[in-house]
Amino acid sequence: MYSLKFLKEAVTELEHIDPIWQKRIINKIKILAKEPKALANNIKKLKGKYHNYYRLRIGEYRVIFSMEKNELIILIIRIGHRRKIY
C-alpha cells in the first residue's frame, strides 16, 4: 500500500469541487493508494512539461500525481476539471 501526500494546491482545488464529486475523487485516490493496478484503465503517463507525472481519470475530473515506487509514496499534485487541469 502506498502512502498519500497532497500538495496544498491540490487540497485547495479539491475543496472547490462539488461535494458529490469530492467523495468520488477521494474514493478513487484511496483505491489508487491501495492497489494502483486496479485503476490501470484510467491511469496514463503524461507527456510534455508533465512528463514525470500520471493522470487519473475520474469522470470529467483529473488527478495529476507522481508515484515513487521505491518509497511507496503517491504525491497528489493537482485535482480539477479536465478543461482546466492541463
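Numbers for the structure displayed
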{"read-out": "Residues of region 35-44 classified as within 13 Å of the chain's Cα centre (by Cα) and surrounded by 11 or more Cβ atoms within 10 Å (Cβ to Cβ), total", "value": "5"}
{"read-out": "Residue within region 53-73 that is surrounded by fewer than 14 Cβ atoms within 10 Å (Cβ to Cβ), in contact (Cβ under 8 Å) with a residue 60 or more places away in the chain and either at negative phi or more than 13 Å from the chain's Cα centre (by Cα) (or both) present", "value": "yes"}
{"read-out": "Hits in region 30-71 - residues which are closer than 15 Å to Phe6 by Cα and modelled with pLDDT of 95 or more", "value": "Lys30, Leu32, Ala33, Tyr53, Tyr54, Arg55, Leu56, Arg62, Val63, Ile64, Phe65, Ser66"}
{"read-out": "Residue that is surrounded by the most Cβ atoms within 10 Å (Cβ to Cβ) [pool: residues in region 74-86 that are of a type in the set (D, E, K, R) and farther than 17 Å from Lys45 by Cα]", "value": "Lys84"}
{"read-out": "Of all residues making up region 31-52, the number that are of a type outside the set (Val, Ile, Thr), in a helix (DSSP H, G or I) and free of Cβ contacts under 8 Å to residues at least 12 places away in the same chain", "value": "6"}
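The values are calculated or read from the model by the stated rules, or taken from the named source; none is laboratory data. Here the structure is a predicted model, which means the values were calculated and not measured. No Cβ is skipped: glycine too gets one built from the backbone with ideal geometry, and neighbour counts run over all protein chains shown.
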